[in-house]
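The values are calculated or read from the model by the stated rules, or taken from the named source; none is laboratory data. On a predicted model such as this, the values are computed, not experimentally measured, just so you know. We place every Cβ from the backbone using ideal geometry, glycine too, and count neighbours over all the protein chains shown. To get the accessible areas, we keep the full protein, side chains included, count just its heavy atoms, and leave off ligands, DNA and RNA. Shrake-Rupley method; radii C 1.70, N 1.55, O 1.52, S 1.80 Å.
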Amino acid sequence: IFGYNGNLMVICIPNCAVEPDFISIIAMLATVVLAFSAVIALLYTRGQVSALVSAHKQALKTEKGRFLFDLDRMYEDTHFANSRVALYDHIDKIRVDLRKRFPNASHEDQNEMMKEESSKLLFKLMQSNGEEYTQIMKMCGFFETLSFFIKRGYIDYQDVIELYGPALISVVDSCSSHIAKRREMNPVGDTRLYENIDALIERARNNNDLN
């Protein structure tokens, strides 16, 4: 503003100082704080997720161990012990008879004859002694259930092979031919009889796990 005061010119300059834009600064700081908080939250969340995953895996491992322990305890219980005894007695009788009748037969030939003789005897028991037949075939039912659990991913294949491989071989040697013949005789009712055992045996043979 210009003015005259006698001979003196007076120049008045108003206060033009610019006030800082505090709102913008606060907004910027808030953005930085939020971004930093988001990073911290992400790192914390990832740590939590990692801990949860680790705990979950450990819990699954513990549960699997407990399940296998309970399964083996059931297998060793009287309920299945009688079935195992009946199965092994059945096998021993046939092997003794075959060794007497065919003393010079090779081990491979003995095994093949064993399957056929076992099938014949099981059919006889099926007609004449249902209780003994059921005891023997209960072992097939046990492995059918395990095979189903493996297929569904409830238990590990390798755990079953390591725990029950020898028993599985006994079931295969004594019952496989009989099961196949039952399917042939009754293609409607028995076509899927013990089908999961077949899948387990095929996998074990392909992996050379039954030798």
Review point. If you check Tyr133 against the conditions, is it assigned to a helix (DSSP H, G or I), among the aromatic types (Phe, Trp, Tyr) and under 26 Å from the mean Cα position of the chain (by Cα)?
Key: no
Practice item. Please state which of the following conditions Thr191 fails to meet, knowing it meets all the rest: (1) hydroxyl-bearing (Ser, Thr, Tyr); (2) buried (at least 16 other Cβ atoms within 10 Å of the Cβ); (3) at pLDDT below 90. Key: (2)
Revision key, fill the gap. Over the range 155-167, the set of residues touching a residue at least 40 places away in the same chain (Cβ under 8 Å) and open to solvent by 20 Å² or more (accessible area, probe 1.4 Å) is Asp156, Asp159, Leu163
Review point. Which pairs do you get when a residue that is part of a helix (DSSP H, G or I), found in the range 90-106, comes within reach of a residue that is of a type outside the set (Val, Ile, Thr), reach meaning Cβ atoms under 6 angstrom, with the pair 6+ apart or on two chains?
Key: Ile91/Ser174; Ile94/Met114; Ile94/Glu117; Ile94/Ser118; Leu98/Gln110; Leu98/Met113
Practice item. From Arg205, Arg183, grab the single residue that is open to solvent by 30 Å² or more (accessible area, probe 1.4 Å), farther than 21 Å from Gln135 by Cβ and under 27 Å from the mean Cα position of the chain (by Cα). Key: Arg205
Review point. Can you spot a residue in the range 129-138 that is among the charged types (D, E, K, R), under 22 Å from His79 (Cβ atoms), free of Cβ contacts under 8 Å to residues at least 40 places away in the same chain and open to solvent by 20 Å² or more (accessible area, probe 1.4 Å)?
Key: yes
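Condition check ((1) outside any helix (DSSP H, G or I); (2) within 14 Å of Ser174 (Cα to Cα); (3) modelled with pLDDT under 90; (4) within 20 Å of the chain's Cα centre (by Cα)) across all residues:
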{"residue": "Tyr44", "(1), (2), (3), (4)": "no, no, yes, no"}
{"residue": "Ala51", "(1), (2), (3), (4)": "no, no, yes, no"}
{"residue": "Ala55", "(1), (2), (3), (4)": "no, no, yes, yes"}
{"residue": "Arg66", "(1), (2), (3), (4)": "no, no, yes, yes"}
{"residue": "Asn111", "(1), (2), (3), (4)": "no, yes, yes, no"}
Practice item. Considering each residue of the range 156-204, count those that are touching a Gly at 6+ places or on another chain (Cβ under 9 Å) and assigned to a loop (DSSP other than H, G, I, E, B), and give that number. Key: 1
